[in-house]
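Asker: I'd like to ask you about the structure that follows.
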Amino acid sequence: LYPDPWPKRRQHKRRIVNQDFLKAVYRVMKEDGEYFMATDIPSYLHHMIAHVHTFDLFEAPAVKPQDWATPPKWWISTKYEQKAYKEGRFPWYLTFHKREITS
């Protein structure tokens, strides 16, 4: 939740959401598992979506982008989220399900 966005281009390689991380997440997820991420940084939001889409082993239950603007019912606001609101940024809540591999 709210991983360090490493905003400068030369720092992007340090972002936790990458192909190796997604492989590790997928490997340890249960069949009906959910992968959840939250961020208030638009460039990191696009980075996360691009990596998950490229990985292609997760599927999103969201139908439209606004679905990711609503926190899940179980969500408890974090101090980072409160800071984002104070600074005029709005969070995005991304949920993905493990996609079954068919042979």
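The values are calculated or read from the model by the stated rules, or taken from the named source; none is laboratory data. Please read all numbers here as calculations on a predicted model, not as lab measurements. Virtual Cβ from ideal backbone geometry, glycine too; neighbours counted across all protein chains shown. The area values use the complete protein model at the heavy-atom level, side chains included, leaving out ligands, DNA and RNA. Shrake-Rupley method; radii C 1.70, N 1.55, O 1.52, S 1.80 Å.
Asker: Within segment 33-41, is there a residue that is among the acidic types (Asp, Glu) and either within 14 Å of the chain's Cα centre (by Cα) or assigned to a strand (DSSP E or B) (or both)?
Answerer: Among the residues of segment 33-41, at least one is among the acidic types (Asp, Glu) and either within 14 Å of the chain's Cα centre (by Cα) or assigned to a strand (DSSP E or B) (or both), which makes the answer yes.
Asker: Out of all the residues in segment 7-50, which are open to solvent by less than 50 Å² (accessible area, probe 1.4 Å) and among the acidic types (Asp, Glu)?
Answerer: Scanning segment 7-50 gives a single hit, ASP40.
Asker: Would you check if there is a residue in segment 47-60 being over 20 Å from GLN19 (Cβ atoms) and not in a strand (DSSP E or B)?
Answerer: No, that holds for no residue.
Asker: Out of ARG9, ARG15, report the one residue that is of a type in the set (Lys, Arg), modelled with pLDDT under 90 and under 14 Å from the mean Cα position of the chain (by Cα).
Answerer: Testing whether each residue is of a type in the set (Lys, Arg), modelled with pLDDT under 90 and under 14 Å from the mean Cα position of the chain (by Cα) leaves just ARG15.
Asker: If you don't mind, another one. Which residue pairs have Cβ atoms under 9 Å apart, sit 6 or more places apart or on different chains, and have a first residue in segment 64-90 that is part of a loop (DSSP other than H, G, I, E, B) and a second that is polar (S, T, N, Q)?
Answerer: Listed by first residue and then by second, the contacts come to PRO71/SER77; PRO72/THR95.
Asker: Do we find that ARG99 is in contact with an Asp or Glu (Cβ under 7 Å, 6 or more places away or on another chain), modelled with pLDDT under 90 and either more than 24 Å from LYS8 (Cα to Cα) or not hydroxyl-bearing (Ser, Thr, Tyr) (or both) in this structure?
Answerer: Numbers: in contact with an Asp or Glu (Cβ under 7 Å, 6 or more places away or on another chain): yes; modelled with pLDDT under 90: yes; either more than 24 Å from LYS8 (Cα to Cα) or not hydroxyl-bearing (Ser, Thr, Tyr) (or both): yes.
Here the answer is yes, as ARG99 does meet what is asked.
Asker: Could I ask something else about it? State whether one or more residues within segment 93-103 are assigned to a helix (DSSP H, G or I), touching a residue at least 60 places away in the same chain (Cβ under 8 Å) and of a type outside the set (A, V, I, L, M).
Answerer: No, because not a single residue in segment 93-103 is assigned to a helix (DSSP H, G or I), touching a residue at least 60 places away in the same chain (Cβ under 8 Å) and of a type outside the set (A, V, I, L, M).
Asker: For segment 51-88, give me each residue that is surrounded by fewer than 15 Cβ atoms within 10 Å (Cβ to Cβ) and of a type in the set (D, E, K, R).
Answerer: The answer is ASP56, GLU59, LYS64, ASP67, LYS73, LYS79, LYS83, LYS86, GLU87.
Here is a yes/no grid of residues against (1) at pLDDT 90 or above; (2) touching a strand residue (DSSP E or B) at 6+ places or on another chain (Cβ under 9 Å); (3) within 25 Å of LYS13 (Cα to Cα):
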site: MET29; (1), (2), (3): yes, yes, yes
site: TYR35; (1), (2), (3): yes, yes, yes
site: PRO71; (1), (2), (3): yes, yes, no
site: TRP74; (1), (2), (3): yes, no, no
site: GLU81; (1), (2), (3): yes, yes, yes
site: SER103; (1), (2), (3): no, no, no
